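Here is the structure we will look at.
The values are calculated or read from the model by the stated rules, or taken from the named source; none is laboratory data. Everything quoted here is computed from the prediction, not taken from an experiment. Cβ placement follows ideal geometry from the backbone for every residue including glycine, while neighbour counts extend to all protein chains displayed.
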Amino acid sequence: MSCPMRSIDSAQDGEQLGEEAGMLYAEYLMLDKILGAQRLLGEEYHAPVHDEHLFIITHQAYELWFKQIIWELDSIRNVFSEILEESQTLEILRRLNRVVLILKVLVDQVMILETMTPLDFMEFRNYLRPASGFQSLQFRLLENKLGVRQENRVKYNKNYAKVFGNDEEAMKQLDVSENEPSLTDLVQGWLERTPGLEMEGFDFWGKYEKAVEILFKEDEERANNEKTEALRRYRLNDLAKRKEIYESIFKSEIHEALVSRGERRFSHRALQGAIMITFYRDEPRFSQPHQILTLLMDIDSLITKWRYNHMLMVQRMIGATQLGTGGSSGYQYLRSTLSDRYKVFVDLFNLSTFLIPRSYIPPLDDNMKNHLCYWGPIRKNEQEVDERKTNGDAEVQKNVNGQIR
Ligand code: HEM
């Protein structure tokens, strides 16, 4: 054993091991393959362009990170595909957080490529045709595995798989990724099982609807007490609009219509679960689920930021009217993909519309507090012996009147 009192100098004295120690760094990482994989077309055409090296390295770095994200997503989807045990949520959080950090790197990495000037890019752009990021298999797999749906893609992007037409293996992978449950599907199933949604139990949704009713009634009274007619009318109009918006979550048929138009993604029950988790996020059992919801939004938000940064870079490099090397309208096509239809967790973003002041949130009864000790459906026999179930109306009213506040 080495002496802990050795001087700093002697700490550098280690004996260097050679091949006899086993696998070496370069061998383990297969660096010969990775570092030998930069083929500069400019050199092949005897017109070398310094920045082509950066262009290739940047794309390769992206593809490696895409691979890691897919690796994490697959593992997260595996865990979600079973009934999620509470002990697993920490692992999900860790992996989702890792995906978020990688995406942050990917968003920032665009800046490095922007150090290349459009004039330099022009020097080798023609050699690239018809290669384009549009043909990135991993990017499409990533989109599909997250939950971007075929019917939500913009027109030019609907037949994205065409470019892989001759590659059987790629087509197979795409087919699987389109048909297996995406992260959005699995999160939806998980949210639908949020404890407390059962009508015969805590009945969160029934209580929430009553709380909103009370909130609106009070708003109406306040509006009617406005001193001027103009202000009164303004407040009542605003209230009528808010009521209409809330109808879209209280009337399931309106919600379904929005889902079929691609404006909402989650099932009605999953949306209820997400709202419930958001309200009661301070309860120990809802705190990790709430963090999961936040990270899912971060993922959507960062991919949208990447799309935006990439689009701006494209405008800088080729302008707004040149076609892309992949054949699209270029900048205009990329601009169209910034739509909400590509945000798989758009419902989580829009949840804020339906938040109500804390004092109006239906208080949890004792039974519900106990149920939040584990993550899963409320057991039937526990519901039957539940004699402490409180009347939602009375509880909310009591809370609003300030007795519990
Ligand atoms: C000078 C730099 C770049 C330019 C000028 C550029 C240009 C374009 C254009 C015009 C498109 C639209 C499809 C087409 O017609 O080609 C596209 C799509 C795409 N590019 Fe780039 N790109 C650049 C860098 C990158 C980098 C570094 C990546 C990283 C992997 C990337 C990934 C993609 C992806 C994934 C798409 C498909 C996006 C979608 O369909 O939603 N691009 N690019």
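Given (1) in contact with a Lys or Arg (Cβ under 7 Å, 6 or more places away or on another chain); (2) near the ligand (Cβ under 9 Å from one of its atoms), where does Arg316 come up short, assuming only one miss?
(1)
Name the residue, out of Leu84, Leu101, that is out of contact with any strand residue (DSSP E or B) (no Cβ under 7 Å at 6 or more places or on another chain) and part of a helix (DSSP H, G or I).
Leu101
Restricted to the range 247-289, and to residues that are among the hydroxyl-bearing types (Ser, Thr, Tyr) and without any contact (Cβ under 8 Å) to a residue 60 or more places away in the chain, which residue is surrounded by the fewest Cβ atoms within 10 Å (Cβ to Cβ)?
Filtering the range 247-289 for residues among the hydroxyl-bearing types (Ser, Thr, Tyr) gives 248, 252, 260, 267, 278, 280, 287.
Those still in the list that are without any contact (Cβ under 8 Å) to a residue 60 or more places away in the chain too: 248, 252, 260, 287.
Working: Ser248: 17, Ser252: 13, Ser260: 10, Ser287: 13.
Within the range 247-289, the match that is surrounded by the fewest Cβ atoms within 10 Å (Cβ to Cβ) is Ser260.
Pull up the range 138-162, narrow it to residues that are more than 10 Å from the ligand (Cβ to nearest atom) and over 24 Å from Val187 (Cβ atoms), then point me to the one that is surrounded by the most Cβ atoms within 10 Å (Cβ to Cβ).
Only one residue tops the list, namely Ala161.
One line per residue, one yes/no per condition, for (1) in contact (Cβ under 8 Å) with a residue 12 or more places away in the chain; (2) assigned to a loop (DSSP other than H, G, I, E, B); (3) among the hydrophobic types (A, V, I, L, M, F, W, C):
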{"site": "Asn97", "(1), (2), (3)": "yes, no, no"}
{"site": "Gln109", "(1), (2), (3)": "yes, no, no"}
{"site": "Gln138", "(1), (2), (3)": "yes, no, no"}
{"site": "Val148", "(1), (2), (3)": "yes, yes, yes"}
{"site": "Asn166", "(1), (2), (3)": "no, yes, no"}
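Considering only the range 194-215, how many residues are outside any helix (DSSP H, G or I) and within 29 Å of Arg95 (Cβ to Cβ)?
So the answer is 4.
Can you go through Gly18, Gly42 and tell me which one is within 16 Å of the ligand (Cβ to nearest atom) and either at pLDDT 95 or above or more than 24 Å from the chain's Cα centre (by Cα) (or both)? Outline the logic, then answer.
Numbers: Gly18 fails: within 16 Å of the ligand (Cβ to nearest atom).
Only one candidate passes the filter, namely Gly42.
Any chance you could count how many residues in the range 117-132 are within 19 Å of Ala320 (Cβ to Cβ) and of a type in the set (A, V, I, L, M, F, W, C)?
The total comes to 3.
Counting only residues that are under 17 Å from the mean Cα position of the chain (by Cα), modelled with pLDDT of 95 or more and not basic (Lys, Arg), give me the helices (runs of 4 or more DSSP H) lying completely in the range 224-305 with at least 2 of them.
Details: elements: 229-250, 252-260, 268-279.
Here the list reads 268-279.
Table: residues versus (1) within 16 Å of the ligand (Cβ to nearest atom); (2) under 24 Å from Val107 (Cα atoms).
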site	(1), (2)
Arg285	no, no
Leu293	no, yes
Gly326	yes, yes
Leu334	yes, yes
Ser339	yes, yes
Val344	yes, yes
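From the list Glu72, Glu114, which residue is within 10 Å of the ligand (Cβ to nearest atom), of a type in the set (Asp, Glu) and within 24 Å of Lys305 (Cβ to Cβ)? Don't jump to the end; show me each part of the working.
Values: Glu72 fails: within 10 Å of the ligand (Cβ to nearest atom).
Criteria check complete, one pass: Glu114.
Taking the range 215-233 on its own, how many of its residues are over 30 Å from Pro362 (Cβ atoms) and not charged (D, E, K, R)?
Within the range 215-233, residues that are over 30 Å from Pro362 (Cβ atoms) and not charged (D, E, K, R) number 3.
Out of Leu84, Leu128, I need the residue that is away from the ligand (no atom under 16 Å from the Cβ), modelled with pLDDT under 95 and surrounded by 13 or more Cβ atoms within 10 Å (Cβ to Cβ). Which one?
Exactly one of Leu84, Leu128 is away from the ligand (no atom under 16 Å from the Cβ), modelled with pLDDT under 95 and surrounded by 13 or more Cβ atoms within 10 Å (Cβ to Cβ), namely Leu84.
Have a look at Leu186, Leu174, Leu191 and point out the one that is within 23 Å of Glu247 (Cβ to Cβ), assigned to a helix (DSSP H, G or I) and at pLDDT 95 or above. Give the steps one after another, and end with the answer.
Values: Leu186 fails: within 23 Å of Glu247 (Cβ to Cβ); Leu174 fails: within 23 Å of Glu247 (Cβ to Cβ).
Of the residues listed, the single one that is within 23 Å of Glu247 (Cβ to Cβ), assigned to a helix (DSSP H, G or I) and at pLDDT 95 or above is Leu191.
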